[in-house]
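I have placed the structure first, in the form of structure tokens, so that the comments after it can refer back to it.
Taken together, the values in this text are just the output of simple stated rules run on the coordinates, not laboratory data. Just so it is clear, the model here is predicted, and its values are computed rather than measured. Neighbour counts run over all protein chains shown; Cβ positions are idealised from the backbone, glycine included.
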């Protein structure tokens with residue numbers, strides 16, 4: 001974990017994605033691709049963001065950059 005510039009609380013590392021709280025909605029988390037800087041999704045549920053990130057196709061990459069899906 002790393003600490004954000006304002007020093008509030010540590011941020012989790014989300015691999016190819018950057019997550020931050022929406023400036024107007026304290027419960028809403030936004031996800032952005034670190035490589036192509038595209039907005040990926042926003043949700044109050046981290047598990048939903050995880051799922052949507054697995055489906056992101058990075059415009060600057062030749063393959064999916066999301067987290068690998070696991071089979072149950």
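If you stretched the chain out fully between residue 21 and residue 55, how much longer would it get, using 0.36 nm times the residue separation minus the C-alpha to C-alpha distance?
Here the answer is 10.1 nm.
Starting with the fewest neighbours, write out 29, 18 ranked by other beta-carbon atoms found within 10 Å of each beta-carbon. Kindly include the intermediate steps, with their values, before the conclusion.
Numbers: 29 18, 18 15.
By the 10 Å Cβ count, ascending, the order reads 18, 29.
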